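Notes follow once the structure below has been shown.
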Protein chains: 2
Amino acid sequence: MFHTRPLVVEKSAIEPCSACAARPYSVCSAIDDKDLSRLAALAQIITPAAGRSFIEEGDPAEHFFNITGGTAKLFKLLPDGRRQITGFAGVGHFLGLAVSTTYAFGAEAIEPMRVCRFSRPRLRSLLEDFPALERRLLEVASNELVMAQEQMLLLGRKTARERVASFLIARADGQTPRPAYCTHVSRPSAVWLPMTRSDIADYLGLTIETVSRTFTRLRSERLIETPSPSEVVIRDHAGLERLATGME
Amino acid sequence: MFHTRPLVVEKSAIEPCSACAARPYSVCSAIDDKDLSRLAALAQIITPAAGRSFIEEGDPAEHFFNITGGTAKLFKLLPDGRRQITGFAGVGHFLGLAVSTTYAFGAEAIEPMRVCRFSRPRLRSLLEDFPALERRLLEVASNELVMAQEQMLLLGRKTARERVASFLIARADGQTPRPAYCTHVSRPSAVWLPMTRSDIADYLGLTIETVSRTFTRLRSERLIETPSPSEVVIRDHAGLERLATGME
DNA sequence: GCGCGGCGTTGACGCAAATCAAGGGTCCGG
DNA sequence: CCGGACCCTTGATTTGCGTCAACGCCGCGC
């Protein structure tokens, strides 16, 4: 495992928010250029290595986080070690909204990350001054809620094949925002999977073995190809989508 | 089933928000007395009968809803009829947050209801004038998100017994906010279940039969009593809680 | 180069929950 | 008072996925 040592690397003033590549995707886009310096003054940048935890479920919630690079898995645990990954958070993702005083989930980097960190009380005062930021956060939270409901449908009612198909479709749609006019076109598209089979299993409520077997079966049915374990090519997007939505 | 006829019954001006019993529990508590008349002017009250749908998944999202009486089930469907209930919404609950232009879920009354309805564009303008309302909504959404994550853990990783136990504990804790000093006390507490076994099954990702059998088993283990199908008495709260959290 | 630990795949087997089936209770309309 | 539509419960049987086990691959430290 990984040792616990301080993660703070730099004050963001060194690399101000104005040059932040993640800004257009993140909640920070709600802040005007002229006010960015105030935001920058509040932020610390941490760069967790792959495999490194940076939020522990149950710890006092002292910070908000804004991901500007890499990907994390968010998860909840049962006392005996069973794990449910509730989501993967990439660039632009905002973490730590909960009103509670402790974190409701843990977070661990699955790729080297770059994360902006804000102390909660300070961000609260910022929220008072920038209603637009609050509006943006509400938007984000609403979207997450919709995705959470979709995931509940998956976990409660879909078969293993449907779960894996849904996962791949969601990944494909999320990472390649393709123009509307070719939405239905069934052409191969590559999907990158930075997480392990174990992570996918814990996200889909399955076991490693079932995930692996399902990939194998989808491959034998010519729905996908797997050039490498972390790379999937969707050969029949429409077919996979029908499968994902339980239409066959 | 039920016919589709208009549900609107009265303008809320007839029974103004100031007298609303649900106000302290709902987002409306963020609005001052002096501004309530403006809120009241925007609201329509509908009273769906038990079994009546009042939100259809996929329909254009024209309204926000605020529940002031009764209980609804919220659900998502697969094309072949499989159903996942994503939550039960009672007094004070706010529905329709999604930024999308269509509803992401359906809603149906399980008891006779009383619901305040606001048109979306109008409420948007209201939000601009009352930042406190926006803050309150963000709070609500954050809480829902935490609960959704908890439910994902349940659906993805808990056994049937653990799911039913979790459900009962959540119901017991939610409906009877008991003083802190008797939190751990193992004394019987009654839980009212307005929903059918089928609803419980669809909420927990199980079948009716499994839910029924699990109740029977918990009863034979003296953890609960079931005076009637819609009434459960928790005899061993601590034991049920251990079971719910996977500790045995 | 070699041993080792983590990851992914595959096969054999077992089990928890789904499915299939039957019966009893309650409510309601005719 | 009776028939039918729901509910809920219980039993018998099936099955999808989990569990257990073995093995190959790859990267890494020594």
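Which of the residues belonging to the range B:218-248 are over 20 Å from residue B:200 (Cα atoms) and assigned to a loop (DSSP other than H, G, I, E, B)?
B:221, B:222, B:235, B:236, B:247, B:248
Would you pick out the residues in the range A:158-170 that are basic (Lys, Arg) and without any contact (Cβ under 8 Å) to a residue 60 or more places away in the chain?
A:163
Scan (1) surrounded by fewer than 16 Cβ atoms within 10 Å (Cβ to Cβ); (2) more than 14 Å from chain B (Cβ to nearest Cβ); (3) over 15 Å from the mean Cα position of the chain (by Cα); (4) modelled with pLDDT of 95 or more for the single condition residue A:197 breaks and write down its number.
For residue A:197, the exception is condition (1).
Within the range A:56-87, can you find the residues that are among the aliphatic types (A, V, I, L, M) and more than 25 Å from residue B:162 (Cβ to Cβ)?
Of everything in the range A:56-87, those that are among the aliphatic types (A, V, I, L, M) and more than 25 Å from residue B:162 (Cβ to Cβ) turn out to be A:61, A:67, A:72.
Taking the range B:99-123 only, how many residues are more than 10 Å from chain A (Cβ to nearest Cβ) and either more than 21 Å from residue B:46 (Cβ to Cβ) or open to solvent by 60 Å² or more (accessible area, probe 1.4 Å) (or both)?
Residues in the range B:99-123 being more than 10 Å from chain A (Cβ to nearest Cβ) and either more than 21 Å from residue B:46 (Cβ to Cβ) or open to solvent by 60 Å² or more (accessible area, probe 1.4 Å) (or both): 5 in total.
Starting from the range B:40-61, keep only residues that are not assigned by TED's automatic domain parsing to the domain that holds residue B:100, then list their pairs with residues that are open to solvent by less than 10 Å² (accessible area, probe 1.4 Å) whose Cβ atoms are within a distance under 6 Å, requiring at least 6 positions of separation or different chains.
none
Identify, from the list B:49, B:40, B:22, the residue that is farther than 24 Å from residue B:100 by Cβ and either within 16 Å of DNA strand C (Cβ to nearest atom) or surrounded by fewer than 14 Cβ atoms within 10 Å (Cβ to Cβ) (or both).
B:49
Collect the residues in the range B:200-212 that are surrounded by fewer than 17 Cβ atoms within 10 Å (Cβ to Cβ) and more than 8 Å from DNA strand C (Cβ to nearest atom), keeping them in residue-number order.
Scanning the range B:200-212 gives a single hit, B:212.
Quick check: anything in the range A:125-146 at pLDDT below 95 and of a type in the set (Lys, Arg)?
yes
Report, by residue number, each residue of the range A:213-248 that is more than 8 Å from DNA strand C (Cβ to nearest atom), of a type in the set (A, V, I, L, M, F, W, C) and away from chain B (no Cβ under 14 Å).
Matches in the range A:213-248: A:218, A:223, A:224, A:232, A:233, A:234, A:238, A:240.
For every residue, the table says whether it meets (1) more than 10 Å from chain B (Cβ to nearest Cβ); (2) more than 14 Å from residue A:109 (Cα to Cα).
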residue: A:59; (1), (2): yes, yes
residue: A:66; (1), (2): yes, no
residue: A:70; (1), (2): yes, no
residue: A:87; (1), (2): no, no
residue: A:92; (1), (2): yes, yes
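Cβ-Cβ below 6 Å, separation at least six or inter-chain, first residue in the range A:208-220 and closer than 11 Å to residue A:160 by Cα, second open to solvent by less than 10 Å² (accessible area, probe 1.4 Å) and near DNA strand D (Cβ under 9 Å from one of its atoms): which pairs?
Within 6 Å, the pairs are A:211/A:201.
The values are calculated or read from the model by the stated rules, or taken from the named source; none is laboratory data. Everything numeric in this text was worked out from a predicted model, so none of it was measured. Ideal geometry is used to build each Cβ from the backbone, glycine not excepted, and the neighbour counts take in all protein chains shown. To get the accessible areas, we keep the full protein, side chains included, count just its heavy atoms, and leave off ligands, DNA and RNA. Shrake-Rupley method; radii C 1.70, N 1.55, O 1.52, S 1.80 Å.
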